[in-house]
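K.L.:
Dropping a structure here in structure tokens format, bear with me for questions.
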Amino acid sequence: MVDAARQSKIDLRAYTEVERVEGFVGNFKVTLREKAKYVIADRCNGCGDCSSVCPIEVPNYFELNIAPRKAIYVPMSQSVPLIYSIDMDACIKCFKCVEACGPLEAIDFSQEDKLVTEDIGAIVVATGFSHFDPSVMEEYGYGKFPNVITSMEMERLNNSAGPTAGNLIRPSDNKNPQKLAFINCVGSRDKRFNEGCSNFCCMYSIKNAVLLKQMNPKVDITIYYMDIRTPSKGYEEFYDRARKMGIHFTQGRPSLITEDPETYNLYVHSEDIALGEVIEHEYDMIMLNTAAIPQPDQNEMSSVLNVAQSPGGWYMEYHPKLRPMDSPTDGIFFAGACQGPKDIPASVAQGSAAASRAGRILHSKEWEIEPTVAVVWPDRCVSADGKSCGLCSKACPYGAVDYAKGKAAEIITAKCHGCGACVAECPHDAITQLHFTDAQILAQMRALLAEEPHKKILAFRCHWCSYGGADLAGTSHFEYTANERGMRVMCSARMDSDFIYEAYRLGAGAVLYSGCHPQDCHYITGQLIGAKRAKRLSTIFERMQMTPGRFRIAWISAAEGDKYARVLNEMQAVLDNMPEEQLLEEIERLKPEVTKRLRRFPNVPGVQEAMDFSDTMVTAITTKESAA
Amino acid sequence: MHAKPKLAFYWAASCGGCEITITELGMRLVDVSEIADIVFWPAAMDYKYDDVRSMKDNEIDFTFFNGAIRNSENEEMAHLLRKKSKILIAFGSCSHMGGIPGLANMFDIESICERVFDTMPSLDESKGTRPVIKSKMPEGEICLPELYNQVKTLAQVTEVDYFMPGCPPVVDQVWKVFNAALEGKLPPKGSVIGADIKTVCDVCTRKKVELGFKVKEFHRPHEIELDPNLCFLAQGVICCGPVTRAGCGLPCLNGNMPCRGCYGPAEGIEDQGAKLASAIAAIIDTDDVEALQKTLASIVDPAGTFYRFSLADSIISQMKYK
Amino acid sequence: MSHENTIETFADQVKAIPGGEHLEMCYSCGTCVSKCMIQQKLEPEYNPRRLLRMVMMDMRKEAFESPTTWYCSQCDLCYPACPQEIHISAVIAAVKQLAVEAGYSTPLSTVSVDESLCAGCGICVMACPYEAPHLIQKEVDGVMDLFSEVDENRCMSCGICVAACPLGAISRKGVSNKEIIKQIKVKKQKSIPSLVIFICDWCLREDDDLSILESYPANVRVIHIPCSGRIDPQMALLALRAGIDGVLVCGCRPGECHYQHGTDITTCKMSLLDTMIDQIKLRDHRVKFVQIGTQERGRIRQEIDSMLETLNARKEPH
Amino acid sequence: MSDITGYENEEPRIGVYICHCGSNIAGVIDPKEVVSFSEGLPGVVRATDTLYACADSGQKLIKEDIKKYNLNRVVVSACSVRMHEPTFRAAVAEAGLNPFLMEMANIREQCTWAHGHDPDGALKKAKDLTASAVAKATFLTPLDMITVPVTQKALVIGAGVAGISSALDLAEQGIETILVEKEPTIGGVMAQLNKTFPTMDCSI
């Protein structure tokens, strides 16, 4: 900790939050909120005179709220930086602290939060984790029985710098407990709360047990566990050491804790798996090893950073094996438990790894980004003719469209992230996206629907989420109908209405319109644009009296392989439930209507060529297939 | 030739329905009078109490006593007729179990008087009138019977030989009992006569409930349209059939109304209302514990429903007046 | 295709029965075993975790013969406690179904119906949490009549039907009406109130609490019943009529009843009785129903003491 | 603007490579059937299968074919673009082709792995996906990566044990680093701990 404060290249900003992140790799603009401390950092010498005169006491979060702090405080004596701050929610403005500070004049009640903007090349996100609140698990009586505490609370009670100066006492009567139990997996590996393993609790409880046993070899300690997981180097040996010290390990997940109303002693009800018998033992004090859970503000941070979350709420890495430190957004990296529960060695390792990944960029003067950007055909843009439009500019999540009446819109390439929202939104088809042109997409669709199109389900998926979801369905072997034919674009915002109409004109049995969940969108608001369009299409098809389910909208994250498979199977069921003639009849009935809506389409540059090509392609496919 | 058996009929606190049942025997009454003498029947003929007082003890062979014991006159006559009769039969629900008058045990006498003489909507004004046992009139002192605080069954004031339930007992059963009595074929003393052993449910032919059925809300009969072929409980309507002695011939059920329980508890049931509460509670849907109280609240007036005819005879009533 | 011909394993069979699907999610943590009270109170061999294991290991015979298959009363205390969200009782029910199909039958002593008393009213059919009784048509003396018949393999012996049956036509050895009434005997002493406690076999989890029950003198009579649902208001009133000063009925907290809804049915019964007692304005609080939760160690003492206090106060003015 | 419309007058010469991925693909469908299907598609001058397209041998095959058959488009029917698009782009680039003239068809994750129960359906789908990639390849245009400048400054959000070690590493590499912490002190959960395993030293 102290090293970090001493390192001259590190600009330490405590009591500061990240408000906004804009830009792209190498060129992020980050807005930081430096929260008002009401203490001038340069003048505060950390003497603490202010705090000792402060009359207000409130629970100290740092001590898990089991000990108080003043309204003007540092969380602990070894705080880095050692600068006091005033909690204005608690302060009664008696100004005793101002008096105590005297000539230093470090206290400034007029301070306000300050927003500062920084230019940043790469970002390492290391926001950590939070602790599961076990009071929702009635069976363990936390919050009801005073001597049931969490292990984090025990950390403070057993810490020489903690509120009891390291004297472990039990809350009901301040006596030193002689018989203790730890319960592992409280709220973790538990489908009711958090499905995952919290990774470090086994070692963590062993560590605490060993510490207590070292301080007082007479204490009787039992660790209740489901499995002891000690996979890293030296861990198993540490577990051995604990057993040699006489710490009891009982395999069995306790189902109930009860309390003696007179002594406040506790009884743990558990099965001893080794014995196959129910056991009930009495303890002075019980420590719950609670699950590691994502930070309460992880959802918010995920929108600020534009990164997705895995099930369970942790940040989702680009690839779990190949790129575990990378976010899907170039230039943003993850370190530590924010990406999933980790112990200290793993967190340190990932911190260094993330630094190394970020270093690749930060040591370069320039960085390459994908050229899949939008491009305007100036001659097709009506703005050049003096008409007002600007829909492209409105759609762009990045402000990358230079739009003004009287001149053709222009895309600022460096700002464009390549979502394709403007392309699909342009009513005059004056914009295209490199590598995802209308011609390319149409040619692909024609090929996919060459044969028996009414049996096919054409699935449009965004690259970042639903395509990933489809991948996960495959890697997990969640089977779904082989009639699915997948199309990939970068964002649901690129899924032009014309593509959908064209699919039905070609006779597709069903069409899936899928992308990410709104909060996960890789392109900030791209999904919202796509979702709005999808909803509009849905209304139109409803009015055309298309059988419900032949057009389906589904938001599927890269982590929802099961959902992808389920949605496709449900769509197949819709088709299966329609007699073939009825389906074919409906497709024919709707063809004129969807064709009518495609009127601008053939004029788009490249589309006619794609159409002509596709005719040969379709012929080739059908001949080939009939031969087979 | 033996002397003809002597019959007596008396009504205490009752509506008179039981008396009407006897008249409903019609021409069969003439047959009765061929073989028996009716020596006392104030509802039909002019008899004075003194006529009874002047009889020898046990002079009457069968006394059919209907009505509950509500006042001192009822009780006095109960004792008198007991003394003068060989066999005393509690005739009808009121003398058997207190009947409808027995529901007055939910209140004390003062609150009843207050209702009758002060707050009844049909009163023009309250004059604070109360019945007075003895009052001086120009003609001399006149007496009224004393109203009791508790409505009692006949058996609670004197020894009863047989109980004949019903509100009123149905005519066919009365005829059967007359015949049995006159032929000397009555069962052992203390028995319930003129009724069956099992319950109304046993003889009811309505379709019984389906497996898995539970009641979420109870209805009173007028609140819903009743299926004439389905068990009332299965329609969420409280029916006293499960605990009530059969023998009535099911006039209520045939009229698409649930059993009201007038034939009293079936053999083996000690407390009709408590046992019915137990049966009814067991059919309540308990899936949603929060909603239980709402379901229970839909049973309007449990005491009046479960103990409609037997409150005076109930254990809770006896506990109250102990 | 190859997998069409595969031999169906025991686990496959269990999983094919609704409720059995999640069998293989079990990671043997033992929560269900200690959450359940059967092992400690009734049958030491009882162990759902091991039954699930037997199914997974294709140990058909052992599973069919295991007491776990037969003793589970589907109270579902374990279901909300299971970290893998396995509906354990449903899995056990699936095993039991297969066991019955294979010709096994319950070792429990179950209820029986006396047809000479049964009126075929169907109250037991509605009351039973397990759908054990059902009505059958039967010819008696040349007349078709309805009777209740109990499927012994469904019956869990809770006695709820015994209490519900208006005519006492259903009984179970040990807890028939007669046997219970026989126990309502207290040595009456003038100055000390007498109390009868009907206590369900499951609401007191701890041995400590059970010993509290035994710590009272002879004026407090404890009658053990399988479920508070076994007691009906008439039984309580009969005790009072027999001269007992007070009746305390103890059952489990809602949601913790060993027989699913027994305690809730008792709530209904007792609440109806309370209302009726209230209606006749008899406010002497001599009958009380309490529901004790698994974590309420020592509460039984409080409840008995407070009941005795109430009864004492009632005695004093006289 | 022919570079935008994507259809150039240059005659497409497409090479199609169907990957077995060991048995991952070939265990469900016969890649050779997809090869013979591809052979007749417009523009396809070379179609073949390969055991592992991503392996050195597979890449070498593609590179050699580009020269041998004078290919100007490459289609690889193999795994997800999220897996090996960079690999094959690099491979074609090494053979002198613009990397954006390579197109992948995902016949593993989104075909054989998801339709193991329906090998016939999977084969049909693999053919269609390959045809679709050929169609897209026909209209592909060469593109150049866009170069952007880099601000040589890092931001580390969160000063727990991971954030601190990351910031220290960056700083020691000589990179200006802003270390942001929302609480008044850095250290995170680690600072709250007593001693830490397995060395049992002080956490701070």
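K.L.:
Can you give me the Cα centroid spacing of the stretch C:14-72 and the stretch A:398-432 in angstrom?
P.N.:
What the calculation gives is 64 Å, centre to centre.
K.L.:
Same structure, new question: Using 0.36 nm times the number of residues separating C:Asp141 and C:Ser211, minus their current alpha carbon distance, what extension gain do you get? Walk me through the intermediate numbers first.
P.N.:
Details: separation 70, 0.36 × 70 = 25.20 nm, distance 5.30 nm.
Result: 19.9 nm gained on full extension.
K.L.:
If I model a spin label as a point 7 Å beyond the Cα along the Cα-Cβ vector, how far apart are those points for B:Ile142 and B:Met45 in nm?
P.N.:
According to this spin-label approximation, the distance is 2.9 nm.
K.L.:
Evaluate the distance, in nm, between pseudo-label points positioned 7 Å from the Cα of D:Ser57 and of D:Glu33 along their respective Cα→Cβ axes.
P.N.:
2.4
K.L.:
So if we plug the beta-carbon distance of C:Gln183 and B:Ser72 into 1/(1 + (r/R0)^6) with R0 = 51 Å, what FRET efficiency do we get, rounded to 0.05? Numbers along the way, then the final one.
P.N.:
On the way: r = 42 Å, r/R0 = 0.83.
The computed FRET efficiency comes out at 0.75.
K.L.:
Work out which chymotrypsin sites (Phe, Trp or Tyr not before Pro) in chain A are exposed loop sites (DSSP not H, G, I, E or B, at most 14 other Cβ within 10 Å) and give the longest gap free of them. Don't jump to the answer; show the numbers that get you there.
P.N.:
Working: sites that count: A:Phe95, A:Phe109.
Answer - A:110-628.
K.L.:
Still on this structure: For the protein assembly as shown, what are Rg and Dmax over the alpha carbons, in angstrom?
P.N.:
For the protein assembly as shown, the Cα-based Rg and Dmax read 43.7, 145 Å.
K.L.:
Whole-Hz Karplus ³J(HN,Hα) for the stretch C:218-234, in order, using 6.51 cos²θ - 1.76 cosθ + 1.60 and θ = phi - 60°, x for Gly and Pro?
P.N.:
My calculation for the stretch C:218-234 gives 5, 6, 10, 10, 9, 10, 7, 10, x, 8, 4, x, 6, 8, 10, x, 4 Hz in order.
K.L.:
Here's something else I'd like to know. Just rank C:Lys315, C:Lys35, B:Lys136, fewest to most, by other beta-carbon atoms within 10 angstrom.
P.N.:
Values: C:Lys315 13, C:Lys35 27, B:Lys136 9.
Least to most surrounded, the residues fall as B:Lys136, C:Lys315, C:Lys35.
K.L.:
What shape does the stretch C:3-101 have by the C-alpha gyration tensor, where a ≥ b ≥ c are the square roots of the eigenvalues, rounded means a/c under 1.5, and otherwise prolate means a/b greater than b/c and oblate the rest? Spell out each step's value before the answer.
P.N.:
Numbers: a/c = 1.96, a/b = 1.47, b/c = 1.33.
Because a/c hits 1.5 or more and a/b exceeds b/c, the stretch C:3-101 counts as prolate.
K.L.:
Give the long-range amide H neighbours of A:Ile107: residues separated by 5 or more places, or on another chain, with amide H under 5 Å away, using H modelled in the peptide plane at 1.01 Å from N.
P.N.:
Answer set, sorted by chain and number: A:Ile40.
K.L.:
What is the list of residues in the stretch B:142-169 whose amide nitrogen lies under 16 Å from a point 7 angstrom out from the Cα of B:Val132, following Cα to Cβ?
P.N.:
B:142-147
K.L.:
Can I ask one more? Run through the stretch C:282-318 and list the GluC sites (Glu not before Pro) located in a DSSP loop whose Cβ has at most 16 other Cβ atoms within 10 Å. Numbers along the way, then the final one.
P.N.:
On the way: sites: C:Glu296, C:Glu303, C:Glu309; in loops: C:Glu296.
Loop-located and lightly packed - none at all.
K.L.:
Run a plain Debye calculation on the stretch A:130-293 (Cα atoms as equal point scatterers, no solvent) and give log10 I(q)/I(0) at q = 0.09, 0.10, 0.18 Å⁻¹, rounded to two decimals, same order as the q list.
P.N.:
-0.27, -0.33, -1.18
K.L.:
Right, here's the next one. Would you please state which residues of the stretch C:100-124 a label at C:Glu45 would reach in this model, taking the label point 7 Å out along Cα→Cβ and a backbone N cut-off of under 20 Å?
P.N.:
Only C:100-110 pass the distance filter.
K.L.:
Let me ask something else about it. Under a Cβ-only charge scheme (Lys and Arg +1, Asp and Glu -1), can you give me the dipole magnitude of the stretch A:436-627 about the Cα centre, in debye to the nearest 20?
P.N.:
Values: 24 positive and 25 negative charges, 156 e Å.
Its charge dipole is roughly 740 debye.
K.L.:
If a paramagnetic tag sat 7 Å from the Cα of C:Arg301 along the Cα-Cβ line, which residues of the stretch C:210-233 would have the backbone N under 18 Å from that point?
P.N.:
From the stretch C:210-233, the list is C:210-218, C:220.
K.L.:
Something else: Within 10 Å, count the other beta carbons around each residue, average over each peptide in B:233-246, B:57-70, C:45-58, and list them highest first. Can you show the working numbers first?
P.N.:
On the way: B:233-246: 25.4, B:57-70: 23.9, C:45-58: 21.1.
Per-residue mean Cβ counts within 10 Å order the peptides as B:233-246, B:57-70, C:45-58.
K.L.:
Further question on the same structure: Shielding of A:115-122 by partners, i.e. mean partner chain Cβ atoms within 10 Å per residue?
P.N.:
Per-residue shielding by partner chains comes out at 5.
K.L.:
Starting at the first residue of the stretch D:15-29, write each ³J(HN,Hα) from the Karplus equation 6.51 cos²θ - 1.76 cosθ + 1.60 with θ = phi - 60°, in whole Hz, x for Gly and Pro.
P.N.:
x, 10, 10, 9, 8, 7, 6, x, 9, 4, 9, 5, x, 10, 10
K.L.:
Any chance you could check the Cα centroid distance between the stretch D:162-196 and the stretch A:1-45 for me, in angstrom?
P.N.:
The two parts, judged by their Cα centres, are 12 Å apart.
K.L.:
Does chain C come out rounded, prolate or oblate, given a ≥ b ≥ c as the square roots of the eigenvalues of its C-alpha gyration tensor, rounded meaning a/c under 1.5 and, failing that, prolate meaning a/b above b/c?
P.N.:
On the way: a/c = 2.69, a/b = 1.58, b/c = 1.70.
Cα axes put chain C in the oblate bin.
K.L.:
Please turn the phi angles of the stretch A:172-186 into ³J(HN,Hα) values with the Karplus equation 6.51 cos²θ - 1.76 cosθ + 1.60 (θ = phi - 60°), one per residue in order, whole Hz, x for glycine and proline.
P.N.:
Result, rounded to whole Hz: 5, 9, 6, 8, 6, x, 10, 10, 10, 9, 10, 10, 8, 6, 7.
K.L.:
A follow-up question, please. Could you calculate the FRET efficiency of B:Ile197 with C:Met25 from 1/(1 + (r/R0)^6), where r is the beta carbon distance between them and R0 is 51 Å, rounded to 0.05? Working shown, then result.
P.N.:
On the way: r = 55 Å, r/R0 = 1.08.
For B:Ile197 and C:Met25, the calculated efficiency is 0.40.
K.L.:
Kindly identify the stretch A:436-627 as rounded, prolate or oblate by the Cα gyration tensor criterion: order the square roots of the eigenvalues as a ≥ b ≥ c, call it rounded if a/c is under 1.5, otherwise compare a/b with b/c, prolate if a/b is larger, else oblate.
P.N.:
rounded
K.L.:
Also, I was wondering about something else. If R0 is 25 Å, what FRET efficiency do you get for A:Glu236 and A:Leu275 from their C-beta distance, rounded to 0.05? Working shown, then result.
P.N.:
Working: r = 24 Å, r/R0 = 0.96.
Plugging the Cβ-Cβ distance into 1/(1 + (r/R0)^6) gives 0.55.
K.L.:
Based on alpha-carbon centroids, what's the gap between the stretch D:29-61 and the stretch D:110-136 in Å, whole number please?
P.N.:
Centre-to-centre (Cα) distance: 14 Å.
K.L.:
If you take all C-alpha pairs in the stretch C:108-171, what percent of them are over 13 Å apart? Can you show the working numbers first?
P.N.:
Working: 1120 of 2016 pairs.
Every Cα pair in the stretch C:108-171 considered, those over 13 Å come to 56 percent.
K.L.:
Ok, one more. Can you list the residues, at least 5 places off or on another chain, whose amide H is less than 5 Å from the amide H of A:Glu19, using H built in the peptide plane?
P.N.:
Correct list: A:Thr31, A:Leu32, A:Arg33.
K.L.:
Would you kindly state how much longer the chain becomes between B:Glu159 and B:Ser122 on full extension, computed as 0.36 nm times their sequence separation minus their alpha carbon distance, in nm to one decimal?
P.N.:
9.3 nm
K.L.:
Between A:Met245 and A:Asp227, 0.36 nm times their residue separation minus their Cα-Cα distance comes to what? Let's see the in-between values first.
P.N.:
Values: separation 18, 0.36 × 18 = 6.48 nm, distance 1.96 nm.
Stretched out fully, the A:Met245 to A:Asp227 stretch lengthens by 4.5 nm.
K.L.:
Right, something else. Mind checking which helices in chain B clear 27 Å along their axis (Cα) and have mean Kyte-Doolittle hydropathy of 0.0 or more, DSSP H runs only?
P.N.:
Values: long enough: none.
Membrane-span-like by this criterion, though nothing is claimed about a membrane: none.
K.L.:
Which residues' amide hydrogens lie under 5 Å from the amide hydrogen of A:Ala459, considering only partners 5 or more residues apart or on another chain, with H built in the peptide plane?
P.N.:
HN-HN under 5 Å from A:Ala459: A:Arg485, A:Gly486, A:Met487, A:Leu512.
K.L.:
Pop a pseudo-label 7 angstrom from the Cα along the beta-carbon direction at both A:Glu370 and A:Thr619 and give the gap in nm to one decimal.
P.N.:
3.6
K.L.:
What is the packing order of peptides A:52-59, D:100-107, C:111-118, taking the mean over residues of other C-beta atoms within 10 Å and listing the highest first? List each step's numbers first, then the result.
P.N.:
Details: A:52-59: 14.8, D:100-107: 26.5, C:111-118: 18.0.
Listed from highest to lowest mean packing, they are D:100-107, C:111-118, A:52-59.
Every read-out reported here was derived from the displayed coordinates using simple, explicitly stated rules and does not represent laboratory data. What you are looking at is a predicted structure, and each value in this text was computed from that prediction instead of being measured. Note that we place each Cβ from the backbone using ideal geometry, even for glycine, and neighbour counts take in every protein chain shown.
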